[in-house]
Amino acid sequence: MLVALAIYLVVALKSERTAPIDPEFDPESADLTPSGWTKPSLLTIAGLAILIAGGQALVSGSIDLARLVGLSETVIGLTVVAIGTSLPELVASVLAARKGESELAFGNVAGSNLYNILFIGGATMVLAPEPITREMLPLDLGVMTGAALFLLFLAWVAKRVTRWMGALMVLAYAAYLATLVVLAS
């Protein structure tokens, strides 16, 4: 998985170098001096620190919640933890889309999924290998695969995401969550 991610990154960077330059980018207006990098760098570091602390709180709180409610850690991970870790991506994608930066919004969704599967999955399996439970195989991995194929369809065939397509995806996720809760009961 980690090798697949490395190959993807090399191919993506090479294809980006051959892509036409954005006509709206003005290198003269970009502040590339060291002082121009200070504020964005500090904000990035502060955001990362808050994200790490929030992630630790989310995981420990979710484990406690799973024990209190009597749900498996798998179900809590597929619901509470998944939603909690995806909220920053949701905010970034919505803000990008509202500013008309649809490529950034789509890239955030696709890139996040690639990193979650290849990097997070690969690194976790290298550092702490555990078998994938049989209960996850038919439903969870099937839904994930179906969602990825639908995203591929939108990118290649439809070339855009309309409101009804977005609503369909939200409804599909709600149905998936409902199914998880019903099966866990």
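The values are calculated or read from the model by the stated rules, or taken from the named source; none is laboratory data. These figures come from a predicted structure and were not determined experimentally. Heads up, the Cβs are rebuilt from the backbone with ideal geometry, glycines too, and the neighbour counts pull from every protein chain shown. SASA here: full protein model, heavy atoms, side chains in, ligands and nucleic acids out. Shrake-Rupley method; radii C 1.70, N 1.55, O 1.52, S 1.80 Å.
Only residues that are in a helix (DSSP H, G or I), over 30 Å from Phe106 (Cα atoms) and hydroxyl-bearing (Ser, Thr, Tyr) were counted across the stretch 57-73, and they come to 1. Being modelled with pLDDT under 80, closer than 21 Å to Ile117 by Cα and open to solvent by 50 Å² or more (accessible area, probe 1.4 Å), is that true of even one residue in the stretch 68-76? Yes, because at least one residue in the stretch 68-76 is modelled with pLDDT under 80, closer than 21 Å to Ile117 by Cα and open to solvent by 50 Å² or more (accessible area, probe 1.4 Å).
Right, Ile76: under 18 Å from the mean Cα position of the chain (by Cα) and part of a helix (DSSP H, G or I) or not? Taking the combined requirement at face value, the residue satisfies it.
Taking the conditions (1) modelled with pLDDT under 85; (2) closer than 23 Å to Ser102 by Cβ; (3) more than 15 Å from the chain's Cα centre (by Cα) in turn, Asn116 satisfies each one other than (3). Residue check: is Ile63 more than 30 Å from Leu151 (Cα to Cα), open to solvent by less than 70 Å² (accessible area, probe 1.4 Å) and in contact with a helix residue (DSSP H, G or I) (Cβ under 8 Å, 6 or more places away or on another chain)? Judged against the criteria, Ile63 is a match.
Condition check ((1) of a type in the set (Phe, Trp, Tyr); (2) farther than 21 Å from Leu58 by Cβ) across all residues:
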position	(1), (2)
Leu78	no, no
Ile83	no, no
Leu87	no, no
Ala92	no, no
Ala97	no, yes
Ser102	no, yes
Phe106	yes, yes
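The one condition from (1) open to solvent by less than 60 Å² (accessible area, probe 1.4 Å); (2) at pLDDT 85 or above; (3) within 24 Å of Ala49 (Cβ to Cβ); (4) over 18 Å from the mean Cα position of the chain (by Cα) that Ala175 does not meet is (3). Of the residues examined, Thr33 is one that is at pLDDT below 85, among the β-branched types (Val, Ile, Thr) and more than 19 Å from the chain's Cα centre (by Cα). The criterion of at least 2 residues that are among the polar types (S, T, N, Q) and either closer than 22 Å to Ser72 by Cβ or open to solvent by 70 Å² or more (accessible area, probe 1.4 Å) (or both) is met, among helices (runs of 4 or more DSSP H) falling completely within the stretch 84-169, by 102-114.
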